[in-house]
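Trainee: I have a structure here, written as structure tokens, and I will follow up with some questions on it.
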Amino acid sequence: MKKQTKWGLLLVIAVLAAGTAIYSLLFAFDNKYTAALPGGYGYNILQGDQKDVAFLVDGWEYYPGQLLEPADFSDGITAEAYTYIGEHANFSDDLGTPYGTATYRLVLYSDPGTHLSLYLPELLCAGQVFLDGALAGSHGSVDPYMPHVIDGLYAFTSDGSTEIVIQCANYTHYYSGMYYPPAVGSSGAVFRLLAMRLAVYGFLCFSSFAIAVINLIPWLTRRDRLPRQMGFLSLAFAVRVSYPFFRALGVPLVSPLYALEDLCGNLVLLCAILMAGELSGAAVRRYHRIIVVPAAAALCVYTTVFPLLILPYTPWFFNIYGISLYVWKLAAGCYLLFLAGRTLREGRPMGKRLLCAAGFYGLSITASVTTVGCFEPIRGAWLEEYGGFALVLGFAALTVRRCVFLARENSRLAFHLQEEVDRKTRGMETLLKERRELLANLLHDLKNPLSALQGYAELVRNGNVALDQETAFYLDALTDRVEVVGERFNLLQDFSRSERGLLNMEDICLNHFLTEFYQFNQQDIELAGQEFRLELPPEEIFVRGSRERLRIALENLCYNALSFTPPDGVITLSLKGVDQSACIMVRDTGPGIAAEDLPHIFERGFTRRSSLGGEGLGLFIVRAVAQEHGGSVEAESQPGAGCLFRFYIPVLNRQATEMV
């Protein structure tokens, strides 16, 4: 336990150190604020060969609550305040509410004749851009208010100084005004910047979407919770980081798009908490089920309902809403770290990976909160978005690791299962061998008195004992039945020696065979008053089979029918050819078989006459004999209308046999 804790602490330190180093590099080399142009109050200076873009961050004249045009500044208006872009998240500091208007003004000094482009990221939420007194473009409509969040790109030629005036209005969103620093540079440099930025977000978006598809497809087929959660986590993150494409296209849905971003960010946290709970074993804990998961789900509803239905009418609540989101993100990051520590402490195989993903995410949230107003990426993504992507990759790695672990576990279980099957098989083979030996001994012992009985009958018949005609007839019948029983014992001895497959096969004319069977069994079947009929086709039908086995099957069918046929009923034995098979049919006029019993009558041990001594073996033997001959057996019945059994055997091609 102590060793796991020690390694966990070292891993946390390593993750924090690596994350801090990465974020420090981003802060220094991919930060608009470190690439800001020099200047002073009301102006910026652009100098040198513009192979890269620079950013208009500092020195902006700020006129909250006013919509001023370039002509207004010719009258010598004095700036009320100066600001840097990103200092104010909205107009609340000056107007007491995020809703309102403001004007930003800056003079850009550059070499005369320089061809430049101004890249203005989304204004929050409507605005107009003036360059050197002329309207260069608009983002929606300021008056009347009509928001339209879109990135703007404006080309101009500098004559040494360029006046930039930007009007902003917001009555929709909790952010207001110009929150993202504009970029200025050559057209090629600006386009390279935009291409790189879209490439980064395209990678984050589409790779996450691919991970979502990979996980959602197995969930649709297997309904496993972990792939489902991983799929929705990746899908939510993919939608969350797709906003640069919507900004570039200028999608006019302002409030729904911002609400969708907040919702997807919280869905990422909800799915991460659910997955971490599953992997760490905390999913069964009361605090996880009753407090944390409902709270995460409630935040998803909160970030959907409030921006769309409540915040537009309660602007004083905007700042509280924004702060609550940051607090929740920090709390979620801490909880993920707690679950990672719990997983590592319990020695679970997923602990280290979970700790890395959670640690990197927690660090990104902390860095995002502490660098508000002094960090904005140039070509890459925001720190929080890198943390979200770390969650996607981390949990994807956890899912892969879990699949590998389950595959190995399945292999191990399959190996042990095979061992268990082999052990059980050996036990069954031993048991069957003992039973065969017991059956062979029992048959041998029973065959001796049967032979004696047959011998006594022969002595009586050959000893010149005076017998009347009726007694002699009964003695002959008894001798015949003893011979039949002897044949059955021989057959059972074949079974006991594992010789079921070694049938004594021969060519049989079924017409003659059924005639002999009918003549031998007619008297016994009609003893209680039933009528036994035989119906044969005019053409002869030949099969290849075992006379003894076929006789056993027919006796089971006929005597089974006899047991259900009333004294005045009829049992019919018939034969016909069906395609390449001979069909032997046994029909009775008994009560029939219930519909629910019909599919089971050929199963071993199935019987409805257990109280009368039935063991459910007769029809099972019939099916076994049919299968031994490459045929089949089926039954047809309607309650009250008797039953019909069809016994199929492949016919013998007599012409081909004779040619051979």
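FYI, it's all coordinate maths here, none of it is from the lab. In this text, all values refer to a predicted model and were calculated from it rather than measured experimentally. A quick note on method: Cβ atoms are made from the backbone with ideal geometry, for glycine too, and the neighbour counts reach across all protein chains shown.
Trainee: Measure of size requested: the Rg and Dmax of segment 562-653, with Cα atoms as the atom set and Å as the unit; please supply both.
Mentor: When restricted to the Cα atoms of segment 562-653, Rg and Dmax are 13.9, 46 Å.
Trainee: Okay, next question. Let me know the Rg and Dmax you get for segment 208-335 when you use only its Cα atoms, in Å.
Mentor: 16.0, 48
Trainee: Across bins of 10 angstrom width beginning at 0, how are the C-alpha pair distances of segment 506-659 distributed, in whole percent?
Mentor: Reading the bins upward from 0: 11, 41, 36, 11, 2, 0.
Trainee: Counting Lys +1, Arg +1, Asp -1, Glu -1, what net charge surrounds T78 among other residues with beta carbon under 14 Å of its beta carbon?
Mentor: Net charge around T78: -3.
Trainee: What is the local net charge at Y23, summed over the other residues whose Cβ is closer than 14 Å to its Cβ (Lys, Arg +1; Asp, Glu -1)?
Mentor: With Lys, Arg at +1 and Asp, Glu at -1, the neighbours total -4.
Trainee: In terms of the Cα gyration tensor, with a ≥ b ≥ c the square roots of its eigenvalues, is segment 256-396 rounded because a/c is under 1.5, prolate because a/b exceeds b/c, or oblate?
Mentor: Oblate is the answer for segment 256-396, as a/c is 1.5 or above yet b/c matches or exceeds a/b.
Trainee: OK, next. What does the charge count near H173 come to, summing +1 for each Lys or Arg and -1 for each Asp or Glu among other residues with Cβ under 15 Å from its Cβ?
Mentor: Spelling it out: positives minus negatives among the neighbours equals -2.
Trainee: So, how do all the Cα-to-Cα distances of segment 39-185 break down into 5 Å bins, in percent, from 0 on up?
Mentor: Bins of 5 Å from zero give 2, 10, 21, 25, 21, 13, 6, 2, 0 percent of pairs.
Trainee: Compute the Kirkwood hydrodynamic radius of segment 238-295, taking the inverse of the mean of 1/r over all pairs of distinct Cα atoms, and give it in Å to one decimal.
Mentor: Evaluated on segment 238-295, it is 13.2 Å.
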